[in-house]
There are 2 protein chains.
Amino acid sequence: MESIIVALAAGGAALLFAAITAMRVLGADPGNERMRVIGDAIRNGAATFLKREYTVLAPFVIVVAVGLWALIDLWTLENTVPETAIAYLAGTICSATAGFIGMNVAVRANVRTAASAMRGLNPALRVAFSSGSVMGVTVVGIGLLGVTVLYIIFQDVTVIAGFGFGASSIALFARVGGGIFTKAADVGSDLVGKVEAGIPEDDPRNPGVIADNVGDNVGDVAGMGADLFESYVSSIIAAMALAFAGAGAGLAWDAEKAVLPLMLAGAGIVAAILGTFMVQSKEDASFEQLLWALRRGIFAAAILLIIFALVIVLVMDLEIEWFWAVITGLIAGIIIGLSTEYYTSYSYKPTQQVAETSLTGAATVMISGIATGMISTVIPLLAVGITIIVAYELAEFYGVALAGVGLLSTLGITLATDAYGPVADNAGGIAEQAQLDPEVRERTDALDALGNTTAATGKGFAIGSAALTSLALLAAYSIEAEIVAVDLLDHKVIVGVLFGAMLPFLFSAFTMKAVGRAAMSIVNEVRRQFREIPGLMEGTTDPDYTECVDIATKGALREMIVPGVMAVAAPLATGFVLGVESLGGMLIGAVGSGFMLAIMMATAGGAWDNAKKYVELGHYGGKGTDAHKAAVEGDVVGDPFKDTSGPSLNILLKLMAIVSLVFAPVFLEVTPLIEKIT
Amino acid sequence: MESIIVALAAGGAALLFAAITAMRVLGADPGNERMRVIGDAIRNGAATFLKREYTVLAPFVIVVAVGLWALIDLWTLENTVPETAIAYLAGTICSATAGFIGMNVAVRANVRTAASAMRGLNPALRVAFSSGSVMGVTVVGIGLLGVTVLYIIFQDVTVIAGFGFGASSIALFARVGGGIFTKAADVGSDLVGKVEAGIPEDDPRNPGVIADNVGDNVGDVAGMGADLFESYVSSIIAAMALAFAGAGAGLAWDAEKAVLPLMLAGAGIVAAILGTFMVQSKEDASFEQLLWALRRGIFAAAILLIIFALVIVLVMDLEIEWFWAVITGLIAGIIIGLSTEYYTSYSYKPTQQVAETSLTGAATVMISGIATGMISTVIPLLAVGITIIVAYELAEFYGVALAGVGLLSTLGITLATDAYGPVADNAGGIAEQAQLDPEVRERTDALDALGNTTAATGKGFAIGSAALTSLALLAAYSIEAEIVAVDLLDHKVIVGVLFGAMLPFLFSAFTMKAVGRAAMSIVNEVRRQFREIPGLMEGTTDPDYTECVDIATKGALREMIVPGVMAVAAPLATGFVLGVESLGGMLIGAVGSGFMLAIMMATAGGAWDNAKKYVELGHYGGKGTDAHKAAVEGDVVGDPFKDTSGPSLNILLKLMAIVSLVFAPVFLEVTPLIEKIT
């Protein structure tokens, strides 16, 4: 019981801290008249998108909730209270709320970061990072409170998994929809503005520029927040499910195992909050010093977590192996993060080599970027592989789940360093549009460059945790579905593995094509405005920013439906047609190819982005040369890779695993189609 | 016994037919003086490459053979006769011989096709296709004879698998080495010639032009021949192994099952030879008519095979289910072929859409090509998945193996339609260099365009057969390794699956980077010659073609070593470190991601190639526009995708499976490292 109180207290503390930090952000100077106008436009655009997105999702959520109530609560579990449906709804509402709060602070922090940058680097870092902290700590606070409350009320694994399912479905749509919005607006406005009209990026004359800024907020802040909210709760749920799952099969369930993840998460929140206080920089700090400012916070939180975890295990007299399992996850996370940084930062050889290939044109940039992305799968794979083996030897699949919890426990601060990036990026855009002193733009650019590095690390983190969590969920699913063995020599399992391996490819293709289509509609609108609005190019008339935001919104929402529904339908179809074992095979097939593809896309995208920046620093001819043009082409390809398709894959993997877990009791009641035929 | 005689007779007939056809090809007019000089240069370059390649491979082959003798024959099987080592050597020699013969006819057919094209389209088609037929029929003839003779002598599955291992290792190096050579020469000479110097493709002033022609022969003819030789014998071996494999485990082995694959292969050879007689075209045939001329031969062979297979099953009084299993493979092959054609031909929407994206630059061409490649995995996956389920329900894994045999049984003619393409391509190059009448080039271009379509179909075929054969080999391996279940809930199996899923990514990265490095050395040499040889650009001095051939040769041979050794080492390392079950997981993980990646790369490459051609036909502005430039960039990226990395993956999958099968008895004797540690 004490542990429940600890979890609730930590969750509450998180929300309190988030509220105080948010007030500090909002109290900052919002800048001059022109900046406030721009800031308002971004804020309104982002709010409109989020409102419409949630409106589109509402019917989907209701249909799924009714389905869960009928199929699981009523028919399978024969419950009068629609517990699973309630948990599902709670998951969707919590996820949407976390995204809403985080984004609302972020859109207000943009303009305030730009204003603070007029005073110096450190004030700007403080505002931007504080805004990121609000997002990070809100996500972990709401996540932990949600899981804990549901645990207190229902104490049933399928029900709690319903919460994860709710979080997953919002995450999927938010990531996919937000990802499509942001990249369509970015690519679409750049293609016409930079390439055709020859005006700089973020130029106020470009009709797509506000849509581009809105996109940073709805994709990289709200979308990523929902994504990691889901990772976070799923990792906890997976660990709890493995403690619980024995219950149905007649084994005694283990209360200690069930509450340890909650305790660890609570400790992680405290560690993360303390860590945020370590993030400080002096004026005129170098890139390394700024990076170290953020890293110091992350490392401090990690060290605190290790201490807390050891204390928890010792005080509660738990098995010491569980502590070590947590550590394996933390180490895997660090290794994956460092590996991602190595492959995507222009301080190291891989990205420099990609930059070098720009001398021979866009094609060689593509080939080298993709090859770098492919090679970069090796270290994360080995890190995850070794973690699985060690954690399993320590505490079986529960150990693997604990490793996932360990990896994500300090999410409060890692997410903060990640979510601060788009705020700094946007502040730069506002500085450009408000025609502030170039010095301001230099400061925001410094913060933005830092954000690219932390974002790459964060992506590696998200992918690693997705793999561990999916596997833990797979283990929980197989217990729930009463599977004795998922035998690879069973032909249905083989077909499941192949089918699962195909899904990430299909899903990526859908999301990439969606970005292309949505970007084309922005291109046409921007072209139309340049053509039809007199005085636009001369800067005497303002473009119609709202129309571009509208078009991007409609495009993104239309395009997110098919891949979203597919992700929910694929595991159900496999389970009902080929049976539970085949579904197990499908899940691991999807993790296998999806993990690789996600890393490949994230790394290739990051390497291209930074290779372009490296060329812009003056290497291989610098800006304006053919080499630079080739490098820019690489960056454009990398955009949907790293910000839409790649991150969406994480959610696909976890969502399919959690759908399988939630529906496991239903599969048990139904004879798969193939057995009826043969 | 009668069946053995049938197989031997069919194999002998194949070689006889090949010899007669080869004589007909060599009897054709070799053209004028200039053409013969060029033809000789290509022939010498190709012969030199093959000689050096085999010289580099010899030590590798000897080391492996000694290893097999010591580890398997002596230590595990306790045989005094080094049976496995002998079978392995036989496999390498047979594969090398088939590649040597096929390529030697092809390099002589190039110039003769060009000469025949001076007389008309049909004579040129006859010469080029006859040369392809020699390759196709030689491959199946030698393959079938080799397997049959080894079966007669040793009657042991591990030993016969050694033959497949030999064929695989040659195939891997030939495919990778040849693929690197051909694309390095192609990309390297185009980058300097077309892009920098502004001279047309195949211009005799380009020092890399002969190397490019040599590459077509050593990569697309010799490499592909070795690849499909290996597919062909592996499919037969997999089926025989599943009939045999019971032996060790105490089950009675089934002679009928063991000889049916040989009979089917024999029937397929007869069907293929008869089919080649159907390939005729009239003068001034349209593209559709030419395509139909080739298709008629393929369809005739397929129908004949169905009749023969039914007769064999009925006369030998075998289970009728086996007949149906063969048919499922044939149907899967046709569906995969049609799907590949749909996604890569510019007569259909997908490639047209890729072409359309060239309007917005190289980046959008990349994105749309990759997305198309990813989507194109769906139909082949479903075809293979349904085939596995149906074939398994018919006759368990033996049925799956028979489906693989069915898919490849008419290889004699499908390979002929495939191998004829590079001959026609080269004939066009010779026509250009010898400055023949433009009409001649038009004719060879028509044949070449046809070759691109049949090559795409052939690639789909090769990938589908690789998947089915790998799975059948996996099944055979698991019986040999006495595996009861490869349980996906075993953490070592999970790690195996993930590790396996990573390997195709790593392997593709290696081969792509290798092409890049080798191409750069060609670029430097071509640049040097343009700079240093006076009168070269004016056409008064000949360039030093040999030096470019030499550099490409050295580059390719150097670069093929690491990926080649990796493919052999990975399954051994997994087996010895994590154990036989984990290795089973690794194999299926590799099939899962490798199958998808191979299809994606083949389709994307084909779609880019044909999108460029579509633009060149005058769409979206046609030649010389920015759209055309963007489409060309796509094609350059597609080159290593479709001709080096993609096809190499097929061999990787089969090679790893066959290494596992061969070493299964050794794994049984050794405790895996992980069990010693934990």
>> Restricting to region A:154-200, count the residues that are within 30 Å of A:Glu538 (Cα to Cα), assigned to a helix (DSSP H, G or I) and β-branched (Val, Ile, Thr).
In response: 4
> Does any residue in region B:539-551 that is open to solvent by 60 Å² or more (accessible area, probe 1.4 Å) come within less than 8 Å, Cβ to Cβ, of a residue that is in a loop (DSSP other than H, G, I, E, B) and not aliphatic (A, V, I, L, M) six or more places away or on a different chain, and which pairs are these?
Replying inline: B:Asp542/B:Pro204; B:Asp544/B:Pro207; B:Glu547/B:Pro207
> Considering A:Ile298, A:Ile269, A:Ile327, A:Ile307, which residue is open to solvent by 50 Å² or more (accessible area, probe 1.4 Å) and either without any contact (Cβ under 8 Å) to a residue 12 or more places away in the chain or of a type in the set (A, V, I, L, M, F, W, C) (or both)?
Replying inline: A:Ile307
>> Residues to consider are B:Thr625, B:Thr678, B:Thr671, B:Thr644; find the one that is farther than 24 Å from A:Lys492 by Cα, among the hydroxyl-bearing types (Ser, Thr, Tyr) and crowded, with 24+ Cβ neighbours inside 10 Å.
In response: B:Thr644
> Looking at region A:484-506, which of its residues are among the hydrophobic types (A, V, I, L, M, F, W, C), within 7 Å of chain B (Cβ to nearest Cβ) and not in a helix (DSSP H, G or I)?
Replying inline: A:Ala485, A:Val486, A:Leu488, A:Leu489
> Under 7 Å by Cβ, and 6 or more places apart or on different chains, what pairs join a residue from region B:417-431 that is over 13 Å from B:Val127 (Cα atoms) with one that is of a type in the set (Ser, Thr, Tyr) and open to solvent by less than 10 Å² (accessible area, probe 1.4 Å)?
Replying inline: B:Gly428/B:Thr444; B:Ala431/B:Thr444
> on the phi < 0 side of the Ramachandran plot and not in a loop (DSSP other than H, G, I, E, B), is that true of A:Asp203?
Replying inline: no
> Which numbered condition trips up A:Tyr477, out of (1) within 14 Å of another protein chain (Cβ to nearest Cβ); (2) surrounded by fewer than 24 Cβ atoms within 10 Å (Cβ to Cβ)?
Replying inline: (2)
> Among the listed residues B:Asp626, B:Asp639, which satisfies the condition of being under 26 Å from B:Lys459 (Cα atoms) and modelled with pLDDT under 95?
Replying inline: B:Asp639
> Considering B:Ile388, B:Ile413, B:Ile375, which residue is open to solvent by less than 10 Å² (accessible area, probe 1.4 Å), in contact with a helix residue (DSSP H, G or I) (Cβ under 9 Å, 6 or more places away or on another chain) and within 9 Å of chain A (Cβ to nearest Cβ)?
Replying inline: B:Ile388
>> Which residue is most open to solvent (accessible area, probe 1.4 Å), if the candidates are limited to region A:183-207 and must be under 14 Å from A:Glu432 (Cα atoms) and at pLDDT 80 or above?
In response: A:Arg205
> List, please: which pairs have Cβ atoms under 7 Å, are six or more places apart or on different chains, and start with a residue in region A:81-110 that is free of Cβ contacts under 8 Å to residues at least 24 places away in the same chain and within 30 Å of A:Gly31 (Cβ to Cβ) and end with one that is assigned to a helix (DSSP H, G or I) and among the aromatic types (Phe, Trp, Tyr)?
Replying inline: none
> Can you pull out the residues in region A:354-372 that are in contact with a helix residue (DSSP H, G or I) (Cβ under 6 Å, 6 or more places away or on another chain), more than 7 Å from every other protein chain (Cβ to nearest Cβ) and surrounded by fewer than 24 Cβ atoms within 10 Å (Cβ to Cβ)?
Replying inline: A:Leu359
>> If I ask for residues that are within 21 Å of A:Gly99 (Cβ to Cβ) and among the small types (Gly, Ala, Ser), which ones from region A:119-158 would you list?
In response: A:Ala128, A:Ser130, A:Ser131, A:Gly132, A:Ser133, A:Gly136, A:Gly141, A:Gly143, A:Gly146
> Can you find even one residue in region B:428-450 that is touching a Ser or Thr at 6+ places or on another chain (Cβ under 6 Å) and not hydroxyl-bearing (Ser, Thr, Tyr)?
Replying inline: yes
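Per-residue answers, yes or no, for (1) within 30 Å of A:Glu33 (Cβ to Cβ); (2) touching a residue at least 12 places away in the same chain (Cβ under 8 Å); (3) of a type in the set (S, T, N, Q):
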{"residue": "A:Arg112", "(1), (2), (3)": "yes, yes, no"}
{"residue": "A:Ser116", "(1), (2), (3)": "yes, yes, yes"}
{"residue": "A:Val134", "(1), (2), (3)": "yes, yes, no"}
{"residue": "A:Val139", "(1), (2), (3)": "no, yes, no"}
{"residue": "A:Leu150", "(1), (2), (3)": "no, yes, no"}
{"residue": "A:Ser168", "(1), (2), (3)": "no, yes, yes"}
> Consider B:Ser368 against the criteria (1) without any contact (Cβ under 8 Å) to a residue 40 or more places away in the chain; (2) out of contact with any Lys or Arg (no Cβ under 6 Å at 6 or more places or on another chain); (3) more than 23 Å from B:Asp635 (Cα to Cα): it satisfies all of them except one. Which criterion is unmet?
Replying inline: (3)
>> For region A:421-466: of the residues being modelled with pLDDT under 85 and among the hydroxyl-bearing types (Ser, Thr, Tyr), which is farthest from the chain's Cα centre (by Cα)?
In response: A:Thr453
>> Any residue at all in region A:575-583 that's closer than 19 Å to A:Asp203 by Cβ, touching a Leu at 6+ places or on another chain (Cβ under 9 Å), touching a residue at least 40 places away in the same chain (Cβ under 8 Å) and open to solvent by less than 40 Å² (accessible area, probe 1.4 Å)?
In response: no
> Which is closer than 19 Å to A:Ala476 by Cα, of a type in the set (Lys, Arg) and either in contact with a Phe, Trp or Tyr (Cβ under 6 Å, 6 or more places away or on another chain) or assigned to a helix (DSSP H, G or I) (or both), of A:Lys654, A:Lys642, A:Lys676?
Replying inline: A:Lys654
>> Anything in region A:391-400 that is open to solvent by less than 30 Å² (accessible area, probe 1.4 Å) and at the interface with another protein chain (Cβ under 9 Å from one of its Cβ atoms)? List them, or say none.
In response: A:Ala391, A:Phe397, A:Val400
> Does A:Asn610 meet the test of being at pLDDT 85 or above, open to solvent by 60 Å² or more (accessible area, probe 1.4 Å) and not in a loop (DSSP other than H, G, I, E, B)?
Replying inline: no
> Does A:Ala403 qualify as being under 25 Å from A:Glu341 (Cα atoms), open to solvent by less than 10 Å² (accessible area, probe 1.4 Å) and within 20 Å of the chain's Cα centre (by Cα)?
Replying inline: yes
> Out of all the residues in region B:647-668, which are open to solvent by 20 Å² or more (accessible area, probe 1.4 Å) and closer than 20 Å to B:Ile561 by Cα?
Replying inline: none
>> Would you confirm, using the coordinates I've provided, whether A:Asp445 is in a helix (DSSP H, G or I) and farther than 28 Å from A:Pro563 by Cα?
In response: yes
> Any idea which residue in region A:507-522 is most open to solvent (accessible area, probe 1.4 Å), counting only those that are within 7 Å of chain B (Cβ to nearest Cβ) and either in contact (Cβ under 8 Å) with a residue 40 or more places away in the chain or more than 18 Å from B:Phe505 (Cα to Cα) (or both)?
Replying inline: A:Lys513
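The values are calculated or read from the model by the stated rules, or taken from the named source; none is laboratory data. Since the model is a prediction, treat every value here as computed from it, not as a measurement. When we count neighbours, we look across all protein chains shown, and the Cβ atoms used for this are built from the backbone with ideal geometry, even at glycine. Note: accessible area is taken over every heavy atom of the protein model, side chains too, but ligands, DNA and RNA are not part of it. Shrake-Rupley method; radii C 1.70, N 1.55, O 1.52, S 1.80 Å.
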